1. Output the peptides 46-52, 114-120, 75-81 sorted from most to least packed, where packing is the average of other Cβ atoms within 10 Å over each peptide's residues.
2. In a shell of Cβ-Cβ distance under 14 Å around Glu69, excluding Glu69 itself, what net charge do Lys and Arg (+1) and Asp and Glu (-1) give?
3. Checking the table Lys7/Lys99; Lys99/Lys127; Lys25/Lys90; Lys77/Lys143; Lys25/Lys116; Lys25/Lys56 against a 27 Å threshold on Cα-Cα, which pairs fail?
4. Based on Cβ point charges of +1 for Lys and Arg and -1 for Asp and Glu, what charge dipole magnitude is obtained for the range 12-98 about its Cα centre, in debye rounded to the nearest 20?
5. How far apart, in nm, are the 7 Å Cα→Cβ label points at His82 and Ser37?
6. Along the charge dipole of the range 105-145, pointing to its positive end and built from +1/-1 on Cβ of Lys, Arg, Asp and Glu, which listed residue (Ser142, Ser107, Asn117) has its Cα farthest out?
7. Taking the convex hull of the Cα atoms, report for the chain its projected area averaged over all directions, in nm².
8. Could you give each residue of the range 81-98 its phi-based ³J(HN,Hα) in whole Hz, using Karplus coefficients 6.51, -1.76, 1.60 with θ = phi - 60°, and x for Gly or Pro?
Amino acid sequence: MDKEIIKLPSDQSVIILGWENIFLKEMTSLLSKYDASINQTKGHSVVFSARNPKDKEMALLFIASDTIEALPGLSRKLPHYHKYSYLTFKGKEPENIAKGRWPVYDSPMTAYLPEKNGTIAKTEMGKLAARNPLIALPSPFSKER
């Protein structure tokens, strides 16, 4: 339970549950890296993950809902959203209304070049122009069926 520890462990991944959790402020502070924030909205459930700042190999996961009826649905649905960094659900079902992935800022495969004044701009990944495929494959379905 959150009241049994005074700081988040750095040697393991941790799930933080609930809007009243004593580590909520620590978790939400991790969102500033992504220019994001959360707020408690009636009838909504929020899930987000972040790297543990004390050990980048470990994850922190936050799950909160003010709708107790949404919890069984969340437990069924969350395993199917494993590739996302953040999720928002609405209602008792619950219905997914927002999802996305954080940009990668601290990967060893990513390098950001500093500006002349020393600041580093966080750049979104570019979008490629749409284009036609190099070849057109025949339909896998028969027109006669």
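1. Working: 46-52: 19.9, 114-120: 7.7, 75-81: 12.1.
Result, highest mean first: 46-52, 75-81, 114-120.
2. Local charge sum for Glu69: +2.
3. In this structure, Lys7/Lys99; Lys77/Lys143; Lys25/Lys116 lie more than 27 Å apart at Cα.
4. Numbers: 11 positive and 9 negative charges, 36 e Å.
Rounded to the nearest 20 debye, it is 180 debye.
5. 3.4 nm
6. Most positive-ward Cα: Ser142.
7. 15.2 nm²
8. So the J values, rounded to whole Hz, are 10, 4, 8, 9, 8, 9, 9, 10, 10, 10, x, 7, 4, x, 9, 6, 10, 7.
Since every read-out is calculated from the coordinates, none of them should be taken as a lab result. Everything numeric here is computed off the predicted structure, so don't read it as measured data. FYI the Cβ positions are ideal-geometry reconstructions off the backbone, even for glycines, and counts take in every protein chain you see.
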